[in-house]
Amino acid sequence: STGIDLYRSIGERGPKAGIGRAIAFTNFDLKWSRDYRPQPDGSCTLVSARPHLILIYRLPKPSARLPAPTKALWDTFIAGVTAHEKVHGDIIIDMVRAIEATSVGLTAPNDPGCQKVRAELQSRLGPLSQEQRRRSQEFDRVELNNGGNVHQLILALVNG
């Protein structure tokens, strides 16, 4: 029924993230429809790559109706946390766009079975995924740091 009670509950029941628990969490499911086309000269070209992306946001919610003063605190808190998680979603979308950009038009010579071009694509995906993780971690470091946006949201919820 209070901000501190809500925050304690999140700490006890929030989504698992690494070795602990998080306030909220953004994840994704990404699948691709790719069109590899052998070319008359024996090469292979990836002519299209269509992403099928599902962003998954795990956000806390109160288990019961809140008193008006606590509800006002909660509404501000959850709006800020949601905005924070949407930035993680935007970073994921940026990664998907980068994958598209590096994929479409990729060509490998002497590749009638389109195996070389697939291997080349795979070699490019790791760095793009690592960049997404780096950006997301850097964003969290700033936001969760003392004085950061999420830190301020937590203080406002807990202290009223």
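For labels at Ala72 and Asp5 in the simple 7 Å Cα→Cβ model, what's the distance in nm?
Taking the two extended label points, one gets 1.8 nm.
Sort segment 23-120 into rounded, prolate or oblate with this rule: let a ≥ b ≥ c be the square roots of the eigenvalues of the Cα gyration tensor; rounded if a/c is under 1.5, and if a/c is not under 1.5, prolate when a/b is larger than b/c, oblate otherwise. Each step should come with its number before you reach the end.
Numbers: a/c = 6.06, a/b = 4.52, b/c = 1.34.
In terms of gyration-tensor shape, prolate.
Which whole-number percent gives the relative contact order of segment 4-160, counting Cα pairs below 8 Å spaced six or more residues apart? Before the final figure, lay out the partial values.
Working: 198 pairs, mean separation 41.5, N = 157.
It rounds to 26 percent for segment 4-160.
Once the piece of chain linking Gln130 and Asp41 is laid out straight, how much longer is it, given 0.36 nm per residue of separation minus the C-alpha distance between them?
Values: separation 89, 0.36 × 89 = 32.04 nm, distance 3.47 nm.
Length gained, Gln130 through Asp41: 28.6 nm.
What do you reckon, how do Ser123, Ser9 stack up by accessible area (1.4 Å probe), largest on top?
Working: Ser123 70, Ser9 40 Å².
Heavy-atom accessible area, descending, gives Ser123, Ser9.
List the lysines whose Cα sits under 25 Å from the Cα of Lys31, skipping any in the same chain fewer than 8 residues away.
Once the sequence-local lysines are set aside, what remains near Lys31 is Lys16, Lys86, Lys116.
Rounded to a whole number, what % of the accessible area of segment 105-146 do carbon and sulfur atoms account for, probe 1.4 Å?
Numbers: 1410 of 2850 Å².
Looking at segment 105-146 in its full context, I get 50 percent from C and S.
Taking the Cα-to-Cβ direction at Leu144 and at Trp32 and moving 7 Å from each Cα, how far apart do the two end points lie in nm?
Between Leu144 and Trp32, the simple spin-label model gives 3.0 nm.
Can you give me the accessible area per residue for the chain, using a 1.4 Å probe, in Å²?
61 Å²
Tell me, in nm to one decimal, what length is gained between Ala156 and Gln115 on full extension, where the rule is 0.36 nm per residue of separation less the Cα-Cα distance? Mind dumping the intermediate values first?
Working: separation 41, 0.36 × 41 = 14.76 nm, distance 5.51 nm.
Stretched out fully, the Ala156 to Gln115 stretch lengthens by 9.3 nm.
May I ask for the distance between the Cα centers of segment 23-64 and segment 108-123, given as a whole number of Å?
20 Å
Reachable aspartates and glutamates from Lys71, Cα under 14 Å, same-chain residues fewer than 8 places away excluded?
Partners found: Asp5.
The values are calculated or read from the model by the stated rules, or taken from the named source; none is laboratory data. Since this is a predicted model, take the numbers as computed values, not measurements. As a convention, Cβ positions derive from the backbone with ideal geometry for all residues, glycine included, and neighbour counts pool all protein chains shown. Please note that ligands, DNA and RNA were not included when accessible areas were found on the heavy atoms of the full protein model with its side chains. Shrake-Rupley method; radii C 1.70, N 1.55, O 1.52, S 1.80 Å.
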